[in-house]
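Accompanying notes for the structure given below.
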Ligand code: SF4
């Protein structure tokens with residue numbers, strides 16, 4: 001396979017993210033992954049929600065849809081059903097995906113539609129200057145929790161696994177080549193693929209050094225990606241932070257389940273005007 005030049009996906013716009021923001025690592029990994037898979041820009045759609053991550057559709061020279069808060073998955077689902085030939089990649093932040101849009105994740109996972117969701121999880125609302133999100137760790141002081149976060153955080157990997165996702169992975173924006181490989185594998189996976197990307201918000205919650213210290217790669221441990229039990233165990237680890245593919249299995253996609261509706265047998269197709277005229281004139 002001859003890789004394309006990642007620069008073909010560059011719109012030329014200079015990112016407005018803070019210097020050192022984890023979003024740069026995700027952008028770079030995404031461009032490299034598309035280039036190595038030789039995906040033409042016109043065959044790719046990037047759907048983004050509201051938050052700092054949402055700018056990524058401005059910096060990707062592909063089709064793009066910057067939608068309203070929390071609605072990345074419904075938009076991505078509609079696009080894929082309308083044109084199954086497109087590679088549809090949703091990007092959300094942890095606020096967008098796990099607060100405002102949380103209701104959509106379990107359903108996309110259980111339906112197994114062939115779309116991808118990459119969540120830029122910096123554990124804080126960065127765009128609105130640093131408020132708590134569902135993944136902010138317990139006790140962390142943010143603008144909205146000046147005495148420390150009193151709420152137990154959500155574990156998105158456990159949610160995705162319990163919802164029936166067929167591909168569940170975690171990346172780290174500081175490991176760009178590793179993340180690129182995860183994105184490539186997610187795109188090649190037939191069905192819903194979910195990647196939670198841990199990334200620092202250097203301005204409001206800089207987790208860079210702790211993530212750098214704690215992350216380790218699952219593929220170096222003999223982890224069995226087909227074992228749901230092992231995936232759950234790894235997803236519950238807290239002392240160290242596994243990154244890589246936790247779980248990957250095959251199951252029919254929503255498009256396959258819908259194929260009877262997309263290509264109905266003649267008896268079920270809507271009547272054409274001449275057919276209707278013929279029937280009525282009997
Ligand atoms: Fe990145 Fe945080 Fe700056 Fe937003 S506020 S661009 S998430 S560092």
Item to check | Every residue from region 218-233 that is in contact with a helix residue (DSSP H, G or I) (Cβ under 7 Å, 6 or more places away or on another chain) and free of Cβ contacts under 8 Å to residues at least 40 places away in the same chain | outcome: 218, 223, 224
Next on the checklist: Residue under question is residue 22, and the condition is that it be closer than 21 Å to residue 129 by Cα and within 14 Å of the ligand (Cβ to nearest atom); does it hold?
Outcome noted: yes
Checklist entry - Which of the residues that make up region 177-203 are part of a strand (DSSP E or B) and either away from the ligand (no atom under 16 Å from the Cβ) or without any contact (Cβ under 8 Å) to a residue 40 or more places away in the chain (or both)? => result 193, 194, 195
Checklist outcome for this item: Residues of region 144-161 being within 21 Å of residue 100 (Cβ to Cβ) and without any contact (Cβ under 8 Å) to a residue 40 or more places away in the chain, in sequence order, are 144, 145, 149, 150, 151, 152, 153
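When you look at residue 165, is it modelled with pLDDT of 95 or more, crowded, with 24+ Cβ neighbours inside 10 Å and in a helix (DSSP H, G or I), yes or no? Talk me through it step by step, then tell me what you get.
Values: modelled with pLDDT of 95 or more: yes; crowded, with 24+ Cβ neighbours inside 10 Å: yes; in a helix (DSSP H, G or I): no.
Criteria not met by residue 165.
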Checklist entry - Within region 1-16, how many residues are touching a helix residue (DSSP H, G or I) at 6+ places or on another chain (Cβ under 6 Å) and closer than 12 Å to residue 34 by Cα? => result 4
Item to check | Qualifying positions in region 3-41 - farther than 29 Å from residue 208 by Cα and in contact with a strand residue (DSSP E or B) (Cβ under 7 Å, 6 or more places away or on another chain) | outcome: 39
Next on the checklist: Looking at 2, 87, 11, can you tell me which residue is more than 13 Å from the ligand (Cβ to nearest atom), surrounded by fewer than 23 Cβ atoms within 10 Å (Cβ to Cβ), modelled with pLDDT under 95 and over 16 Å from residue 173 (Cβ atoms)?
Outcome noted: 2
Next on the checklist: Residue pairs, Cβ under 7 Å, 6 or more apart or interchain, first in region 118-130 and under 13 Å from residue 144 (Cα atoms) and within 7 Å of the ligand (Cβ to nearest atom), second assigned to a loop (DSSP other than H, G, I, E, B) and at pLDDT 95 or above. List them.
Outcome noted: 126/51; 126/203; 126/204
Item to check | Long-range neighbours under 8 Å by Cβ, at least six apart or interchain, first residue more than 16 Å from residue 184 (Cβ to Cβ) within region 1-17, second modelled with pLDDT of 95 or more and in a loop (DSSP other than H, G, I, E, B) | outcome: 8/61; 10/61; 11/61
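The values are calculated or read from the model by the stated rules, or taken from the named source; none is laboratory data. This one's a predicted model, so the numbers in the text were calculated from it and none came from an experiment. Heads up, the Cβs are rebuilt from the backbone with ideal geometry, glycines too, and the neighbour counts pull from every protein chain shown.
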